[in-house]
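A short worksheet on the structure shown next.
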Amino acid sequence: MSTPLAKVAVGSLGGTISMTPAASSDGIVPTLTAADLIRAIPGVAELAEVHAEALKQVASIHLGIQDLLATLAWAERQVAEGAVGVILTQGTDTLEESAFLLDLLWPHSEPLILMGAMRGAAAVSADGPANLLSSIQVAVSANSRDRGVLVVMNEQIHYARWVQKQHSLSTAAFISEVAQAGTIVEGKALYFAAPPKRMLFDKPSCCSKRVLLWTNHLAEESDFLTQQDSFDPLGERFDGIVFAGVGAGHVSPVIARWISKWANLKAILVCRGTGAGSTAFTTYGYPGGEVELQQHGAIMAGFLSPKKARLLLWVILENDLEPKKAVADYLDSMTY
């Protein structure tokens, strides 16, 4: 008697992996469903019992948090119905953000895998089918359990908290700031370390909080920033603000004065301005340096990128947690 194949659920959200030409000169648009994508992979029926379902057909920048929460609920239903792993196909532009948000909320041992493609489905050497095959191989592997949300691209496995899209067009666009979690060799998912520590949050019941991401840069328009009718109202409109500082998490004196006004009234996070590394905590004492910012009540975001820090802060606020402690606890979960 043959052993029943493991069940894997695939939900498609759109993105380049699903895109084909709309007309000869109009570019590519989402057209293919999850079932279409599965049919493009030879031999998949021998690997797993695949349930394919189309959830959305959009570019990833068109997805919202509500869409991702609905997708999370769908993925949890698939696990409840026996799936050993769930795969979401989406556009790569916001894939690292989607993966990180879902990783904060995914409580199951079964892996939730996000993947996409850098080339459209009709392109020469389209990478979508190979990435999807790799994702199915990761999903059925017992080694993938208890690792949270994974991103599988270009035969590499990445943890959601570390993955970054670092190239606009290359098929090797995705890297991990810390060494990748694993790889696929001859159809097998291989990992380089045991499952990491994780910190989970309750799934928000609504989307009532607003968190702004502000990018700092050389020669900021200080006249604009100090006008009462332009910059100050940001503190009233948002429940939290994340500053993508420069370097190890530094801002201009103008921004530092603004932070001193608002940080004791609402959550203010300051992030690094680089693609890798942590914010500093005790090194720089000049105006706008991290020592002064923390004295004003700002929270340094450690290894979190600005985009991921924004999502973490949103989840923390929606759960009515104390931001400084919750951020510190999450940063502790990132290292040993």
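The values are calculated or read from the model by the stated rules, or taken from the named source; none is laboratory data. Remember, predicted model here, so these are calculated numbers, not experimental data. Because the Cβ atoms are built from the backbone with ideal geometry, glycine has one as well, and the counts that use them run over all protein chains shown. Heavy atoms of the whole protein, side chains included, go into the accessibility calculation; ligands, DNA and RNA do not. Shrake-Rupley method; radii C 1.70, N 1.55, O 1.52, S 1.80 Å.
For the stretch 153-304, with the dipole built from +1 on Lys and Arg beta-carbon atoms and -1 on Asp and Glu ones, taken about the Cα centre, which of G275, P196, V251 lies farthest toward the positive end?
Working it through, the farthest residue towards the positive pole turns out to be P196.
Listed here are the pairs K56/K308; K261/K324; K165/K324; K266/K307; which of them are more than 21 Å apart at the Cα?
K56/K308; K165/K324
For the peptides 269-281, 101-113, 322-334, what is the packing order when you average, over each peptide's residues, the other Cβ atoms within 10 Å and list the highest mean first? Walk me through the numbers before you get to the answer.
On the way: 269-281: 19.9, 101-113: 21.8, 322-334: 15.8.
The packing order, highest mean first, is 101-113, 269-281, 322-334.
Relative to a virtual label point 7 Å from the Cα of S168 in the Cα→beta-carbon direction, which members of the stretch 80-95 show backbone nitrogen distances below 14 Å?
Residues passing the 14 Å test: 93.
When a/c is below 1.5 the answer is rounded, else prolate if a/b is larger than b/c, else oblate, so apply that to the chain with a ≥ b ≥ c taken from the square roots of the Cα gyration tensor eigenvalues. The partial results should precede the final answer.
Numbers: a/c = 2.12, a/b = 1.78, b/c = 1.19.
Here the chain falls in the prolate category.
Could you tell me what percent of the accessible area of the stretch 126-214 is made up of carbon and sulfur, with a 1.4 Å probe and every protein chain present?
Values: 2110 of 4060 Å².
Answer for the stretch 126-214: carbon and sulfur cover 52 percent of the accessible area.
Which percent of the accessible area of the stretch 27-96 is formed by carbon and sulfur heavy atoms (probe 1.4 angstrom)? Before the final figure, lay out the partial values.
Working: 1730 of 3140 Å².
In the stretch 27-96, the share of accessible area belonging to carbon and sulfur is 55 percent.
Just to confirm, what accessible area per residue do you get for the chain at 1.4 Å probe, in whole Å²? Walk me through the numbers before you get to the answer.
Details: 14840 Å² over 336 residues.
I get 44 Å² per residue for the chain.
Please find the FRET efficiency linking A219 to T3, where r is the Cβ-Cβ separation and R0 is fixed at 56 Å, and quote it to the nearest 0.05. The partial results should precede the final answer.
Working: r = 65 Å, r/R0 = 1.16.
Approximately 0.30, to the nearest 0.05.
How much length, in nm to one decimal, is gained on full extension between I61 and R77, taken as 0.36 nm per residue of separation minus their Cα-Cα distance? Show your work: numbers first, answer last.
Values: separation 16, 0.36 × 16 = 5.76 nm, distance 2.52 nm.
Separation in residues times 0.36 nm, less the Cα-Cα distance, equals 3.2 nm.
Taking one equal scatterer on every alpha-carbon of the stretch 7-191, how large is log10 of I(q)/I(0) by Debye at q = 0.16, 0.19 1/Å?
At q = 0.16, 0.19 Å⁻¹ the computed log10 ratios are -0.89, -1.33.
What does the charge add up to near S109, with Lys and Arg as +1, Asp and Glu as -1, over the other residues with Cβ less than 10 Å from its Cβ? List each step's numbers first, then the result.
On the way: positive: R145, R147; negative: E110, D146.
Every neighbour counted, the sum reads 0.
Return the long-range amide H neighbours of L150 (sequence gap of 5 or more, or a different chain), with a cut-off of under 5 Å between placed amide H atoms.
Those qualifying (amide H under 5 Å, at least 5 residues apart or on another chain) are L112, I113, L114.
Summing -39500 (n - 2.57) over the DSSP H runs of n ≥ 4 in the chain and dividing by its residue number, what mean residue ellipticity at 222 nm do you reach, to the nearest 500 deg cm²/dmol?
Working: 10 runs with 94 residues, N = 336.
Calculated from helices alone, the mean residue ellipticity at 222 nm is -8000 deg cm²/dmol.
With a cut-off of 16 Å, note down the residues of the stretch 42-60 whose backbone N falls inside the zone around a label point 7 Å from the Cα of D36 toward its beta carbon.
Residues 52-60 qualify, since their backbone N sits under 16 Å from the label point.
Figure the gain on full extension for E236 and A122 (residue separation times 0.36 nm, minus the Cα-Cα span) and round it to one decimal in nm.
On the way: separation 114, 0.36 × 114 = 41.04 nm, distance 4.78 nm.
That works out to 36.3 nm of additional length.
On a 0 to 90° scale, report how tilted helix 128-140 is relative to the longest principal axis of the chain, with both axes built from alpha carbons and the result rounded to the nearest 10.
90
Hey, with R₀ at 25 Å, roughly what FRET efficiency would L265 and Y286 work out to, going by the Cβ-Cβ distance, to 0.05? Don't skip to the end; give the middle numbers.
Numbers: r = 25 Å, r/R0 = 0.98.
So the FRET efficiency works out to roughly 0.55.
For E46 and Q295 in one chain, what is 0.36 nm times their gap in residues minus the Cα-Cα distance, to one decimal in nm? Intermediate results must be reported in sequence, preceding the final value.
On the way: separation 249, 0.36 × 249 = 89.64 nm, distance 5.98 nm.
Between E46 and Q295, full extension yields 83.7 nm more.
Is the shape of the stretch 249-336 rounded, prolate or oblate, going by the alpha carbon gyration tensor and its root eigenvalues a ≥ b ≥ c, with a/c under 1.5 for rounded and a/b larger than b/c for prolate?
Values: a/c = 1.80, a/b = 1.22, b/c = 1.47.
Oblate.
Name the residues of the stretch 127-157 whose amide N is less than 17 Å from a point 7 angstrom out from the Cα of A276 along the C-beta direction?
What the label zone holds, given the 17 Å backbone N cut-off, is 157.
Using a Förster radius of 22 Å, what is the FRET efficiency between D332 and F201 based on their Cβ-Cβ separation? Nearest 0.05, please.
Details: r = 15 Å, r/R0 = 0.67.
So, using R0 = 22 Å, E works out to roughly 0.90.
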